[in-house]
1. Note down the magnitude of the dipole of the chain about its Cα centre, charges +1 on Lys and Arg C-beta and -1 on Asp and Glu C-beta and zero elsewhere, to the nearest 20 debye.
2. Give, rounded to the nearest 20 debye, the magnitude of the charge dipole that the range 174-270 has about its Cα centre when Lys and Arg contribute +1 at Cβ and Asp and Glu contribute -1 at Cβ.
3. Report the one residue of Ala182, Ala170, Gly217 whose Cα lies farthest in the direction of the positive end of the charge dipole of the range 127-220 (charges on C-beta: Lys and Arg +1, Asp and Glu -1; origin at the Cα centre).
4. Run through all the Cα pairs of the chain and give the fraction in each 10 Å bin from 0, expressed as whole percent.
5. Loop only per DSSP, at most 15 neighbouring Cβ atoms within 10 Å: give me the trypsin sites (Lys or Arg not before Pro) in the range 158-191, ordered by residue number.
6. Any chance you could give the angle, 0 to 90 degrees and rounded to 10, that helix 233-248 forms with the longest Cα principal axis of the chain?
7. Set the Förster distance to 35 Å, then compute FRET efficiency between Asp95 and Ile141 from the Cβ-Cβ distance, nearest 0.05.
8. Among the GluC sites (Glu not before Pro) within the range 205-270, which fall in a DSSP loop and have no more than 12 other Cβ atoms within 10 Å of their own Cβ?
Amino acid sequence: MRTLLVAAFMLLAVPVEAMAQGTAPPDVMKEVVLKDLAPTGRLRVAINFGNAVLAQRDEAGGPRGITPDLATELGRRLGVPVEFVPFEAAGKVFDAAKAGAVDIAFIAIEPMRAAEIEFSAPYVIIEGTYMVPPGSPLKEIADVDKPGIRIAVGLGSAYDLYLTRTIRNATIVRAATGGGHAMIELFVRDKLEVAAGVRQQLEVYAKDHPEVRIMAGHFQEIAQAMGTPKGRLAGASYLRAFVEDVKANGFVAEAIKRAGQAATIAPPAK
């Protein structure tokens, strides 16, 4: 019986992978995947404008960048229209996915989130690092976790969740919202010792503000992945195969280039 079950699973997995790579699947498998990923007949995709590495607004205010490109390609392969649902912070994306209000979330992998979201392997890796005043005595990443040090973070961000799990001595101070410059505004307003964030976003701010300095190194490698609400197993299997294909065939690299962003393509899933 076990052998028969394994064989059946392998037969099921093959068309899911073939479908994710853009080849025509059996109708029955397509129906199962679409029931998971497009239950309304449309692919409802959360776009987080709070992370400018992954998504930006075009001149008309619509989404452009790495994640909109991936979503559009996913919709093309599935043969369904894509509906972009905008958010300004990753925490809001997580809440929407948890509630089933979106079908696809582009969000960093975190243990707390994995309880509510079926994740693919990451498609890109970005760094979480620190920003400090130029005269700060804090020189190395490890210097930050000390008593009396206050770290500004965006509420519900990947680095908020990570630092909440790993910081032992410093104090985490959360902005009322996540995404964008919320943690920078908190850092400046309250004269905190450190701001935590995505390296690229901190560097953009530091370029025009000589009163801050970005630390070398990073405290976190943020694994950006695709996800779908928990329990959508056929859809999750499809997404995992899709992500591996778009990494391998150069689609992710081209999307990064088109967006004019800097991000590291994640290695193949093990």
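Coordinate-derived values only; no laboratory data. The structure displayed is predicted, hence computed values, not measured ones. So basically every Cβ, Gly included, is an ideal-geometry build from the backbone, and we count neighbours across all protein chains shown.
1. Details: 30 positive and 30 negative charges, 70 e Å.
Here the chain has a charge dipole of around 340 debye.
2. Details: 13 positive and 10 negative charges, 65 e Å.
Dipole about the Cα centre, nearest 20: 320 debye.
3. Sorting the options by dipole projection puts first Ala170.
4. Binned Cα distances yield the sequence 7, 29, 32, 19, 9, 3, 0.
5. On the way: sites: Arg165, Arg168, Arg174, Arg189, Lys191; in loops: Arg168, Lys191.
Within the range 158-191, the qualifying trypsin sites (Lys or Arg not before Pro) (loop, at most 15 other Cβ atoms within 10 Å) are Arg168, Lys191.
6. Here the helix axis deviates by roughly 70 degrees.
7. Values: r = 30 Å, r/R0 = 0.86.
About 0.70, to the nearest 0.05.
8. Values: sites: Glu211, Glu221, Glu244, Glu254; in loops: Glu211.
Answer by residue number: Glu211.
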